[in-house]
Amino acid sequence: MNKLSIKDLDVQGKRVLMRVDFNVPVKEGVVTDDTRITAALPSVNYVLGNGGSLVLMSHFGRPKGKGYEADFSLKPVAARLEQLLGKPVIFGTDCIGAETVAQAQALKAGQVMLVENTRFYKEEEGKAKLADDASDEQKKAAKAEMKVKQKEFAKKLAELGDGEIYCNDAFGSAHRAHASTAIVCQFYKQNAAGFLMEKEIEYLGKALENPKRPFVAIIGGAKISGKIDVVTNLMNKCDAILIGGGMAYTFYKAMGKAIGKSLCEDDKVELAGEILKQAKAKNVRLLLPIDNIEADGFSAEANTKVVGENIDEGWMALDIGPKTIELYCNEVAGAKTVVWNGPMGCFEMAPFAKGTFAVCEAVAKSDSISIIGGGDSVAAVNLSGVADQMSHVSTGGGASLEFMEGKQLPGVVALTDK
Ligand code: AMP
């Protein structure tokens with residue numbers, strides 16, 4: 001990685017400002033899944049164990065951005081962090097302002113503070129509010145005004161630390177140029193990746209830039225529109241792309257196959273056809289299901305049938321079929337690098353989960369560097385109980401997708417080059 005890492009820095013006597021992703025599920029004031037908090041502990045412990053003090057900030061949920069809302073307070077997270085660290089966590093009832101900054105300044109070496117949800121301020125995301133009937137000129141002015149406000153807000157966040165070291169360990173938010181993930185870096189001497197961020201960039205970066213071959217990508221999920229750029233980018237890098245999930249049937253339609261009532265984005269059929277042509281021209285093996293599980297309704301109780309590459313009138317394809325499972329699992333077995341994003345079928349319903357879980361097990365068993373890219377594929381991997389057999393399970397759905405699309409992530413770009 002060509003970006004500074006927190007482990008390269010001497011944090012002794014410094015008050016480090018760290019962005020983490022503590023956007024965890026909370027029910028009735030109690031954290032119900034602390035995976036994301038646990039994931040940040042190596043970076044937190046590094047600072048606290050090496051003579052630094054630490055101010056943590058995070059977003060949490062989707063408040064309105066107009067100040068405090070009890071439902072979106074990070075207070076329950078502070079309580080859970082306290083249990084996990086086995087030491088007190090000072091809680092800042094705001095994320096900016098004189099009182100919070102004074103609390104931060106009073107921190108001693110080894111002490112940690114978590115400040116309140118950064119999204120209580122609309123400047124965090126920096127989205128200008130635009131009236132529907134606003135002219136282009138007005139929209140431009142509103143956006144420019146918000147940009148100035150966002151920078152002012154980032155400067156206030158920066159005051160929480162001592163201006164020496166900012167650390168970003170929130171990979172899941174790295175694809176957004178928010179105040180706490182990117183803009184704040186302008187006010188720090190050194191901007192470093194945390195351990196989690198570093199691991200994400202290393203795995204995803206290595207897979208895309210210098211993969212061990214054969215390099216196989218498995219792309220599934222509901223819609224082609226969300227993954228089109230991933231497929232296009234990976235086409236230049238992979239030896240084979242295996243397509244599954246709802247997006248397969250837009251490709252089917254482009255090939256003139258019957259798709260019944262299967263998911264299809266009609267406005268993307270042409271694009272799907274274009275991708276198929278490109279794959280042929282570039283000699284990339286883009287594989288589509290050779291058989292399917294079709295159902296007569298979108299329900300776990302629906303009647304089901306195995307069909308080939310044409311779906312019956314009135315039926316919908318909800319999973320890949322047994323021959324496709326065999327084909328895809330063989331591809332995976334021979335791979336040295338596997339990147340997987342998106343389920344092969346409606347795995348949330350047991351009759352349509354086979355394809356996803358079979359691929360999951362094949363990836364786990366394979367002798368490859370396996371990278372599971374966020375969202376539903378991570379849920380599937382966790383459900384199948386093989387998560388610990390994957391090389392890397394990404395914590396960032398949107399961020400890992402944008403990474404795979406070949407886009408620069410603002411939160412990574414803002415870090416200091418080595
Ligand atoms: P995405 O967020 O694009 O990765 O899509 C994940 C969702 O795609 C899951 O909720 C799946 O149930 C759904 N999905 C996968 N295969 C199909 C299919 N053949 N038809 C409809 N939805 C599907």
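Per-structure values
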read-out	value
From 135, 73, residue being at pLDDT below 95, surrounded by fewer than 23 Cβ atoms within 10 Å (Cβ to Cβ) and hydroxyl-bearing (Ser, Thr, Tyr)	135
Yes/no for residue 201 being more than 15 Å from residue 274 (Cα to Cα) and within 13 Å of the ligand (Cβ to nearest atom)	no
Residue that is farthest from the chain's Cα centre (by Cα), among those in segment 245-259 that are open to solvent by less than 20 Å² (accessible area, probe 1.4 Å) and of a type outside the set (Val, Ile, Thr)	252
Residue match in segment 104-112 (condition: closer than 23 Å to residue 172 by Cα and either at pLDDT 95 or above or touching a helix residue (DSSP H, G or I) at 6+ places or on another chain (Cβ under 7 Å) (or both))	yes
Flag for residue 401 being under 23 Å from residue 232 (Cβ atoms), open to solvent by less than 10 Å² (accessible area, probe 1.4 Å) and among the hydrophobic types (A, V, I, L, M, F, W, C)	no
Residue check, residue 416 more than 16 Å from the ligand (Cβ to nearest atom) and in contact with a Pro (Cβ under 7 Å, 6 or more places away or on another chain)	no
Matching option when the condition is under 27 Å from the mean Cα position of the chain (by Cα), part of a helix (DSSP H, G or I), free of Cβ contacts under 8 Å to residues at least 24 places away in the same chain and in the same structural domain as residue 95 (by TED's automatic domain parsing), among 127, 139, 147, 151	147
Answer residue from segment 233-246, given it is within 16 Å of the ligand (Cβ to nearest atom) and not in a strand (DSSP E or B) and is nearest to residue 339 (Cα to Cα) among those	234
Top-ranked residue of segment 140-198 - restricted to ones that are over 19 Å from residue 14 (Cβ atoms) and β-branched (Val, Ile, Thr), ranked as least open to solvent (accessible area, probe 1.4 Å)	181
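The values are calculated or read from the model by the stated rules, or taken from the named source; none is laboratory data. Keep in mind that what you see is a predicted model, and the values were worked out from it rather than measured. Don't worry about glycine lacking a Cβ; one is built from the backbone with ideal geometry, like all the others, and counts go over all protein chains shown. Surface accessibility is based on the protein's heavy atoms, side chains included, excluding ligands, DNA and RNA. Shrake-Rupley method; radii C 1.70, N 1.55, O 1.52, S 1.80 Å.
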